[in-house]
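Visitor: Questions regarding the structure given below will be posed in turn.
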Amino acid sequence: MDKLKKENDSLKNTLRAHEQQMRKMQKEQNDQQQYSRRWNLRVFKVPEGDGETADDCRKKCCDIFNQKVNVKTAVTDIEVAHRTGTPTGTKSRPILVRFFDRKLRDQILANRRKLKNKGIVIGEDLTFANHKVYMAAVKHSACSSAGTVNGKIFAKLTNGTKMKLDMHTDVDRAFRRVMGGRQPEVQVEETDRMEDA
């Protein structure tokens with residue numbers, strides 16, 4: 001029995017080590033995918049026309065950036081712009097915009113607050129895993145606001161606590177832990193700048 005118990009403990013430790021290694025590799029891969037999206041933005045709630053082309057999307061986005069965000073943007077500054085997702089016929093799909101210059105993209109993102117109450121939303125192009133965590137935070141009753149900075153996800157809870165989240169965060173568990181008076185597993189550092197989306 002003692003021998004079997006030792007073997008069982010050894011197998012558990014090996015399995016735990018493999019799981020930690022796999023989580024680390026998943027996070028590294030997700031971080032690399034997120035970095036490759038640093039030249040992209042997503043523009044939401046832009047009316048979608050019949051037979052709309054990529055050039056139409058590029059022009060619509062340029063008009064928004066110039067007239068509503070007040071950041072000078074030429075059509076030639078945009079490498080590509082197109083709708084994403086499956087057409088539903090009832091809801092306008094987001095426009096994915098990729099810039100040649102990341103500084104211009106960052107400038108537009110920094111000025112997106114000018115779109116408040118104008119019906120259009122600009123956000124970062126998040127990986128599937130990051131978007132899933134971000135949306136779980138946004139929809140949670142304990143979250144007063146959530147945002148992203150260079151693909152990193154931040155949340156501010158109704159009790160004032162600021163947290164940094166990642167692809168492996170169990171949002172409900174983490175928020176309940178903090179709202180119950182326990183310290184968050186990852187707090188927002190003073191150097192972190194949270195932008196409400």
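Visitor: Filter the range 45-96 down to the residues that are outside any loop (DSSP other than H, G, I, E, B) and among the small types (Gly, Ala, Ser), then identify the one that is farthest from ALA110 (Cα to Cα).
Guide: ALA54
Visitor: Just checking, which of ARG42, ARG23 is in a strand (DSSP E or B) and modelled with pLDDT of 90 or more?
Guide: Values: ARG23 fails: in a strand (DSSP E or B).
Just one listed residue meets the conditions, ARG42.
Visitor: Can you pull out the residues in the range 72-93 that are open to solvent by 30 Å² or more (accessible area, probe 1.4 Å) and touching a residue at least 40 places away in the same chain (Cβ under 8 Å)?
Guide: GLU79, SER92, ARG93
Visitor: Right, something else. Confirm whether THR148 is touching a Lys or Arg at 6+ places or on another chain (Cβ under 9 Å), within 13 Å of GLN34 (Cβ to Cβ) and open to solvent by less than 30 Å² (accessible area, probe 1.4 Å).
Guide: no
Visitor: On to the next question. Can you tell me how many residues within the range 120-171 are assigned to a strand (DSSP E or B), of a type in the set (Gly, Ala, Ser) and closer than 19 Å to GLU185 by Cα?
Guide: Counting residues in the range 120-171 that are assigned to a strand (DSSP E or B), of a type in the set (Gly, Ala, Ser) and closer than 19 Å to GLU185 by Cα gives 5.
Visitor: Against the definition (surrounded by 11 or more Cβ atoms within 10 Å (Cβ to Cβ), out of contact with any Cys (no Cβ under 6 Å at 6 or more places or on another chain) and under 22 Å from THR88 (Cβ atoms)), how does ARG42 come out, yes or no?
Guide: The answer is yes for ARG42.
The values are calculated or read from the model by the stated rules, or taken from the named source; none is laboratory data. Keep in mind it's a predicted model, so treat the numbers as computed, not measured. A quick note on method: Cβ atoms are made from the backbone with ideal geometry, for glycine too, and the neighbour counts reach across all protein chains shown. Protein only, heavy atoms only, side chains kept; ligands, DNA and RNA dropped before computing areas. Shrake-Rupley method; radii C 1.70, N 1.55, O 1.52, S 1.80 Å.
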